[in-house]
Structures are given as structure tokens and as C-alpha cells.
């Protein structure tokens, strides 16, 4: 039962363009969402998060959008840089629970 | 380095042996989580611990797996009688709070021959 889904296993974009990574969830009890970035042979590192009371959160080149009615969130990276090439995991949490539920990840490749 | 420290980074075991993975949380963090990542999969929650207490082990297989976070020393994830299906990357994370951002270690990669 995949409660957090990242349907695109991979994405390739040109340097300087926008990268859009998508994530869908099925559990309406989730109220906090996070994006993690992972390089090969390293642990995931936190990138950006959003609470369900918001629909947008921005941090530099990274913006996360939340559409609660569609149970959908997306991560926008603009402009994309080659150093952004990594696997991006979407994660969700239900208030009162201490565990994150992760998607399978999307591998982003930014071409110079 | 004040980050989450995991060791060993790589561990090779034969079927039937035991695997012990260690995790030292970030300084000041009292909440420890273990996640497992199978090949081509996302991270799956296994267990959440505080010092001397298992808070949530709903993601742990019922047999052969155990975890502890003693008063002194690192958290230990123990896998007894390993099987090939246990081959995975095991990530430890810590946080100072019950919810929110987790800080992950670099993972321990277990290979069962």
C-alpha cells in the first residue's frame, strides 16, 4: 500500500530551466510534507517542508506547492543546476505520528 | 563531525549470521529512527526510539529484528539469522523533537551472501 507516490522514476532537464518533481498521497490524515535530496552512497538530506495549513513554501531556488484537495504536492527548482542532480524523495507525516512515509524517489539529472 | 554517525558503512554477512548496525545521533538529539531502503524502493520506517524506550516498532519485522537505544552508547539495530532479503541500506536518523525534520546518517549497507 503506497501512501506516498512519486510516479516519475526519473527526470532530465537542461541547466537553467525549471525542474518540477511531483508527489501524490492517499492518506488525508497527512498534515506535514517534506522533500529530501539524496546523493549516491549518502544519507538523505532535508531540503524543504510544508505544513498542510499552507499551499506554498519558498526557500531560494526551491518552492514546494501543496494542493490538498488533489492530495498533490510538487517541488520546483529554478534555475536548475548540475549540482541538483540527485534522487529526490517526497515524505509525509501525520500529526501525532513520529514516522515519515516516503515515496520511492525521482532521480533528477540536470544537464549542463 | 557533529552529524549522525553510522557504522559500519558496509557489512557483508552469510545467511544465518547476525548483523549489528550502530547509530550515534546528533548531539542533543534524543529521538532515533531506523529506516530501511531496499533496492529501487523508497525508505521504509522500521522503528522509533528514545533513550531506553521503544516508542514505535510498527515497521519492524516481527522476527529476527530488534532495536535498542541504551542510556549510554549508540542505538543498535540487530538482525539475527540474516537472509538474502535483508540486503538493503539501513539508515538511522535523529531529531531533537518528536516531529519535523530528520537528520540522516550516511547509512549502513548490508549484503547477505
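Measuring r between the beta carbons of residue A:109 and residue A:45 and using R0 = 25 Å, the FRET efficiency lands at 0.85.
Shape index of chain A: Rg/Rh, with Rg the Cα radius of gyration and Rh the Kirkwood radius from the inverse mean 1/r over Cα pairs, equals 0.95. In plain terms, the residue of A:50, B:54 with the fewest other Cβ atoms within 10 Å comes first and the most crowded comes last, giving B:54, A:50. Within chain B, the proportion of Cα pairs with more than 16 Å between them is 55 percent. Put in line by how crowded their Cβ is, counting other Cβ atoms within 10 Å and starting with the fewest, A:35, B:34 read A:35, B:34.
Here the residues B:31, A:76, ranked from fewest to most Cβ neighbours within 10 Å of their Cβ, fall in the order A:76, B:31. For chain B, relative contact order (Cα pairs under 8 Å, six or more residues apart, normalised by length) works out to 37 percent. Expressed in units of 2.2 N^0.38 Å, where N is the residue count, the Cα radius of gyration of the protein assembly as shown is 1.02.
Multiplying the residue separation of residue A:61 and residue A:7 by 0.36 nm and removing their Cα-Cα distance gives an extension gain of 17.1 nm.
Any read-out appearing in this document is the output of simple, stated calculations on the displayed coordinates, not a laboratory observation. Being a predicted model, the structure only gives us computed values, none of them experimental. Here the Cβ is made from the backbone with ideal geometry for all residues, glycine too, and neighbour counts use every protein chain on show.
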